[in-house]
Structures are given as C-alpha cells and as structure tokens.
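Everything below concerns the one structure shown next.
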Amino acid sequence: METRSVNSDSEEKSELILFHQDRRQDRLRKRRERYQKRKEDPEYQRTLKEKSEKRRLDPEVRRENLDYSQQRAKDPEFQMRRKEYLRQRRLDPSYREKVNQNKRDYYHKNKTNPEFLEKKNKLATAYCQRRSERKASDADYRKACRIKERMHEEKTSHKRRKTLSMSYVLKCIGGARRRSRKKSKTNIHFGFDLDTEHARQELLRRLMVGKCEVTGIPWDLNSDPWRATLDRIDNSRGYTLDNVRWVVWIYNRAKGKGSDDEVVKMALALARLPEPLSPKLDIPPEQITPFIGPRSDIGG
C-alpha cells in the first residue's frame, strides 16, 4: 500500500508540473501574439511613442535616471562587470557583424532625411572641432594621433598599392570593353578581341617589361601621370591585340584622338622653350636624353 501511494504521489506531481508548463507556454504564446499585434498597430505605436517622449521630458524621471546612473558609476563592482561584459561582446564576431549591419540599415533608411543629415553634420563638425582644439593644446594627444595615423597608413597601404599583375591587366581590359561597347553603337567595324586567354597573357607579358612602349618611361602604377594604360595605335580601329599597346597615362591623354606625330610635334615645341613653363620643373639633362635626345639635336 505504501509503495502504491508513493507512485500515485509522483504521478500527480509530474502531471501538475506538465500542467504548469503547458499554462506557461500558453501565456507566452498569447503574449507574443499580443506583442505582434501591437507592433503592427500604428495607433498603438504612436501612443507608445508619445508616452515615452513625455516620460523622457519629465524632469522627475530624468532626475531619477541621473541619480541611478551616478549611483551605478560609483559602484566598482558594477563597473567591473560592465567592462567584462562589453569586452566579451566586442570579441564576439557575430555581435560585431550584427551591430555593423544595424548601423548600415539605419543609415540607408535615414540618409535622405534632412533632419538626420543635419544632425550627422553637426556631430561630425563638433567632433572635428574638439579634436583640433585638443591637438592644439595637448602634445601627447598630437603624438598619439600621429602614431595612430601612421599605423593606419601602414595597415591599409597594400590595399591602395597597385602592382604589375593579371588583376591590373583585367581591370584595364574591363575599361576598354566598356569604351568599346559605346563606340560599337556608332561604328560597326569597332572590334574587341582582348577577352581571350592568349590576349591576356600577351598583354601581361608586355606590361611586365616595366616601361612605356613608346617613350620608354618606367611605370609608376600609383601615380596617375606614369601609370600604364591601354592605347589604340590606330584610333579608327577597335581594341584588338595588334592595335593596342601599353603607354603612360600622360602620353595617352596628350594623344587623345590624334596621332603619334602630333604628340612628337608638341614635345619638340616644348623642348625648344628657353625656360620651363613651371619654375618647379627642374629635370636634369640625363633624364631627358633617353627619350627625346639632346637639345642640340632638336634644331631651331
């Protein structure tokens, strides 16, 4: 009898636990449904926003919040727990990605809002002003800023630095393809055959020579005047392998829709000048002679 009573008591307890669990799940389900309905109700959201705004502007509530914040700020145990919690969250990559995504979504949602843009500009202006004032008055801060800027420059310089590689060739081919599409609308004989593997390898081989095919000036891919560009030898034809060459950007720019003879004519005229056009231009003769010859050979 005693064993039977114990079993019946345990069964009653388990049934009671299941009953309470079901009730709890039902309450949570109803709460979620009620929250979802309120979330989709614009009238309720407007009322809630008005209440929160009114409570935020209430001086008594603001005083209570300030007292509570000051009390928490003086609590060393709370500050230690807060620092540890924030450190753990910063180390979590999923949390960082979530925060960054929320920032991006908020910006794209409000980037056309004039109030948001005005507030953003004011905050940025105030931050720059505070930073400049602190730089002017604090030598240690100036030194720390210089170190930080140098570290950022070293960290990101490889992203901006261009190198002689197949990726650079493909980038130039992409630009030539876009220009070719525009030209082919008015000129049906404007060809393009640089998409083949043979053409890419041949262009890479020519680029790796390291200098302009016309002037012989070495490449500097990180400087606009001396970076490598694809030039058409005959401007009436398209971007074909037998009609393109690697030249420095400034030569390509000077040539434009003209010919090599016109560029040479302009270069000879500039070389005859008694003084350079800019006082800052001071090129030694040994740098000029490999390209256009000595001045005595130019003629009068």
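No lab work stands behind these numbers, since they all come straight from the coordinates. These numbers were taken from a predicted model, which means no experiment stands behind them. As a convention, Cβ positions derive from the backbone with ideal geometry for all residues, glycine included, and neighbour counts pool all protein chains shown.
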Estimated FRET transfer efficiency (Asn243, Lys171; beta-carbon r; R0 30 Å; 0.05): 0.95
Roughly speaking, what is the stretch gain from Leu57 to Lys120, that is 0.36 nm per residue apart minus the C-alpha to C-alpha distance, in nm to one decimal? 20.4 nm
Summing +1 per Lys or Arg and -1 per Asp or Glu among the other residues with Cβ less than 14 Å from Ser137's Cβ gives +3
Between Leu270 and Asn100, what is the FRET efficiency for a Förster distance of 51 Å, r being their Cβ-Cβ separation, to the nearest 0.05? 0.45
In the stretch 81-186, what trypsin sites (Lys or Arg not before Pro) fall in a loop by DSSP, with at most 13 other Cβ atoms inside 10 Å? Lys111, Arg161, Lys185
Cα-Cα pairs of the stretch 1-131 separated by more than 23 Å (percent): 74
